[in-house]
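Since the structure comes first, as structure tokens, the remarks are kept for the end.
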Amino acid sequence: MSYKLLRRVFSSSSYNKRPQICIVGAGPAGFYAAMHLIKKLENVNIDILEKLPVPFGLIRYGVAPDHPEVKNVINQFTKVAQTPSVNFYGNITLGKDVNLQQLREHYDAVLLTYGAEEDKTLGIENEDATNVIAARNFVGWYNGLPCDKDLKIDLSCKTAAILGQGNVALDVARILLTPIDDLKKTDITEHALSALSESKIKEVYLVGRRGPLQVAFTIKELREQLKLKNCRTIWKENDLADVDKVVPDLPRPRKRLTELMLKSFNEKQTMSDDGNIKYFKPVFFRSPNKFLIDDKKQLTGIELICNKLVGEKCVPTEEKEILNCELAFRSIGYKSVQADKDLILNDGYVRNDKGIVEDASSNLAKVYAAGWLGTGPVGVILHTMGNAFQVAKLMHENLNNIDDKNKGGFEEIKKIINKSNSNVIDWNGWEKIDNYEKEQGKIVGKPREKICSVEKMIEIAKK
Amino acid sequence: MLRNFVKSLSARNLRCSIKNNGVSQSFISRRFIAPLSTTEPALKAEKVKVTFIFHDGKRMETQANVGDSLLDVVVNNELNIEGYGACEGTLTCSTCHVVLKPEDYNKLPDEACDEERDMLDLAYGLTDTSRLGCQIILTKDMDGLEIQIPETINDARV
Ligand SMILES: Cc1cc2nc3c(=O)[nH]c(=O)nc-3n(C[C@H](O)[C@H](O)[C@H](O)COP(=O)(O)OP(=O)(O)OC[C@H]3O[C@@H](n4cnc5c(N)ncnc54)[C@H](O)[C@@H]3O)c2cc1C
Ligand code: FES
């Protein structure tokens, strides 16, 4: 009997021969990839490892509380997680509890979908001033992300400025401008609700480096903002000049978005201000140059450089402007962190070729990257889905070429993890957390009241 | 069982006629009440033939209830189209993108509303005869409808 055959006979008693797949990160990319793989492979075992005790990534911690419909996708992910060949293991961090090399030794393929959680900074003077806040932390704060629950934010001022013009910038604006009674019915965290109910914010600027034709937000989010109750949108007169001339030649999505801006710009605003009206003020062609502060390092304003369009390009001019505000959000994008020393990051995402993370140690399992980690932090869930399917398809094709499927999978990983962490949370544990949150929500008339501490989550899951 | 029922209710509540807008949705609609009424079975029994054509050329024929949306048809017949209907018909995902033949497209009783067009603008492979499946309600004269399901796989970076 050859050695290989012997090993197979031997190992089939302890390990089964299903391909063992490890997915790191239980956000949409991870779940969509699993969805594709269980459809294509009848006999497979998929372990989804997640840093937090709870699943769903940015669906839970990014998508705004007033967008519960978007979160319906959780039902599809739950079905995936409940498939016998899929396991969820929460409270396991790649790079802390286990490293990539270990995963590659014990699995047939490793897919990294751990997202892009760090926000990009502007790198300008006084960025560390009080009340200059990363939009991502603000989002984490109102959505109950444990590491953001103690965010310090002062909402007692009149004017806030958001730097950036993407969908997250609009989420932040909308949460600041929405009547508090509407937020009360959502799963927004209690600490955010109580702070927002005391908010004195009257006007919110949305500052973009480029022009109205380059905005990154999508039309649905803009339409929602324009329709917001008790809120008036004020465009700057010159910002939209001449835009109407190019509209006919734009591709459909950009065309409709620009037409909506123009329509709002041309509308006579009839809302009379009885003191309850708030203002949404988009501003274009302005780059932040420095934050202005008082002697207590409290934000007082932002110095902006005025830009102009030269052809397609936006270039700075000599002109500067001061925007007085006591609260500012930075919302200019994200980057992925280097969770493991074996990973090479380029431009904020893991270096990969169509999802395959290249490296030299070919005797170990192949590594793949999907979702925001692989594509960079762009696009909505739909785009993440398309990319995850594509990478999963490639994984499936490559798995067919591995004939020696004798990896130990989580049995082996557990031995490594147990040394440092005995609180792995499985799907059953998440269901307990889920039920608990829904029960707590019922008491206050919300769909759920999120638990914002990891310890408390573990306590409930382990009950 | 109950959960499914509740789910299908919320899915049905957001046709274009009820302009959805964040938290202020109305949860009362004609379609919500209809299935509970006793006079309904006669109407329910009416079926039309619809054919789904996948991007790889595969065809799937099915008998569908008049009054159901194309999303209902996909869900009720367990067509297992990957990722289809993520937001359960609430006009917030566009995973239910379908492409119709021009003659079928032109025959539809309602045009796409702004909110549907907004979502369509994000879809891959948008065409002039694209619609969202959760917004198309089958009527008797749609018998023989052919529905193309475009490919969802695309590289977000290009
Ligand atoms: C604020 C915000 C709002 C958004 N709103 C919408 C919206 O309304 N509609 C829409 O379509 N799209 C929205 N998006 C985009 C959408 O969230 C993304 O397309 C999608 O979540 C990307 O999925 P992902 O799986 O790549 O990353 P993520 O969702 O970030 O998932 C990554 C997962 O990996 C885990 N993880 C991180 N590090 C580790 C580690 N070291 N070990 C193990 N696990 C780890 C994280 O905890 C997380 O669960 C929003 C994005 C943001 C930032
Ligand atoms: S199911 Fe989400 S838009 Fe149709």
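Among the residues of the range B:106-113, at least one is within 14 Å of another protein chain (Cβ to nearest Cβ) and modelled with pLDDT of 95 or more.
Name every residue in the range A:381-395 that is more than 10 Å from ligand 1 (Cβ to nearest atom) and free of Cβ contacts under 8 Å to residues at least 12 places away in the same chain, in order of residue number. Even if it seems obvious, please write down each step before you answer.
Applying the first criterion (more than 10 Å from ligand 1 (Cβ to nearest atom)) to the range A:381-395 yields A:386, A:389-395.
Once the filter is applied, which keeps residues that are more than 10 Å from ligand 1 (Cβ to nearest atom) and free of Cβ contacts under 8 Å to residues at least 12 places away in the same chain, the range A:381-395 yields only A:Gly386.
Yes or no: the range A:391-405 includes at least one residue that is closer than 19 Å to A:Pro53 by Cβ, in a helix (DSSP H, G or I) and at pLDDT 95 or above. Checked the range A:391-405: no residue is closer than 19 Å to A:Pro53 by Cβ, in a helix (DSSP H, G or I) and at pLDDT 95 or above. For the range A:406-425, the set of residues classified as in contact with a helix residue (DSSP H, G or I) (Cβ under 9 Å, 6 or more places away or on another chain) and either free of Cβ contacts under 8 Å to residues at least 12 places away in the same chain or not in a helix (DSSP H, G or I) (or both) consists of A:Asn406, A:Lys407, A:Gly408, A:Gly409, A:Asn423, A:Val424, A:Ile425, listed by residue number. Residues of the range A:177-206 that are in a helix (DSSP H, G or I) and in contact (Cβ under 8 Å) with a residue 60 or more places away in the chain: A:Leu177, A:Asp182, A:Leu183, A:Glu190, A:His191.
The set of residues in the range A:167-210 being open to solvent by 20 Å² or more (accessible area, probe 1.4 Å) and either closer than 30 Å to A:Val310 by Cβ or not assigned by TED's automatic domain parsing to the domain that holds A:Gly144 (or both) consists of A:Asn167, A:Val168, A:Tyr205, A:Arg209, A:Arg210.
Every condition in (1) farther than 23 Å from A:Gln76 by Cα; (2) touching a Gly at 6+ places or on another chain (Cβ under 6 Å) holds for A:Glu358 except the one numbered (2).
Checking the structure you have, find out if any residue of the range A:254-262 is loosely packed, with under 15 Cβ neighbours inside 10 Å, at pLDDT 95 or above and in the same structural domain as A:Ala173 (by TED's automatic domain parsing). First the steps, then the outcome.
As a first pass, look at the range A:254-262 and keep what is loosely packed, with under 15 Cβ neighbours inside 10 Å: none.
No: the range A:254-262 contains no residue that is loosely packed, with under 15 Cβ neighbours inside 10 Å, at pLDDT 95 or above and in the same structural domain as A:Ala173 (by TED's automatic domain parsing).
For the range A:362-394, a residue qualifies if it is at the interface with chain B (Cβ under 9 Å from one of its Cβ atoms) and farther than 23 Å from A:Asp347 by Cβ, and the qualifying residues are A:Phe389, A:Lys393.
Just wondering, is there one or more residues in the range A:452-462 that are outside the structural domain of A:Val110 (by TED's automatic domain parsing), crowded, with 18+ Cβ neighbours inside 10 Å and among the charged types (D, E, K, R)? No, the conditions are met nowhere in the range A:452-462. B:Glu88 meets all of the listed conditions (1) in contact with an Asp or Glu (Cβ under 9 Å, 6 or more places away or on another chain); (2) more than 9 Å from every other protein chain (Cβ to nearest Cβ) but one, namely (2).
Which ranges mark the helices (runs of 4 or more DSSP H) fully within the range A:217-320 that have 1 or more residues being within 14 Å of chain B (Cβ to nearest Cβ)? It would help to see each step written out before you state the result.
Details: elements: A:219-226, A:243-246, A:252-266.
Hits in the range A:217-320: A:219-226, A:252-266.
The criterion of at least 1 residues that are within 14 Å of another protein chain (Cβ to nearest Cβ) and within 16 Å of ligand 2 (Cβ to nearest atom) is met by the following helices (runs of 4 or more DSSP H) wholly inside the range A:52-111: A:58-61, A:73-82.
I'd like to know if the range B:126-137 contains one or more residues that are more than 9 Å from ligand 2 (Cβ to nearest atom), within 29 Å of A:Ile59 (Cα to Cα) and within 9 Å of chain A (Cβ to nearest Cβ). Looking for residues that are more than 9 Å from ligand 2 (Cβ to nearest atom), within 29 Å of A:Ile59 (Cα to Cα) and within 9 Å of chain A (Cβ to nearest Cβ), one finds at least one in the range B:126-137, hence yes. Residue count for the range A:190-216 satisfying the condition of being among the small types (Gly, Ala, Ser) and either within 14 Å of chain B (Cβ to nearest Cβ) or on the phi > 0 side of the Ramachandran plot (or both): 1. Considering (1) touching a residue at least 24 places away in the same chain (Cβ under 8 Å); (2) surrounded by fewer than 18 Cβ atoms within 10 Å (Cβ to Cβ), the lone condition that A:Val283 does not fulfil carries the number (2).
Return a yes/no flag: does the range A:175-189 have any residue that is within 10 Å of ligand 1 (Cβ to nearest atom), away from chain B (no Cβ under 14 Å) and out of contact with any His (no Cβ under 6 Å at 6 or more places or on another chain). No - not one qualifying residue is present in the range A:175-189. From the list A:Leu343, A:Leu373, the one residue that fits, being buried (at least 21 other Cβ atoms within 10 Å of the Cβ) and in a loop (DSSP other than H, G, I, E, B), is A:Leu343.
The values are calculated or read from the model by the stated rules, or taken from the named source; none is laboratory data. Since this is a predicted model, take the numbers as computed values, not measurements. Here the Cβ is made from the backbone with ideal geometry for all residues, glycine too, and neighbour counts use every protein chain on show. The area values use the complete protein model at the heavy-atom level, side chains included, leaving out ligands, DNA and RNA. Shrake-Rupley method; radii C 1.70, N 1.55, O 1.52, S 1.80 Å.
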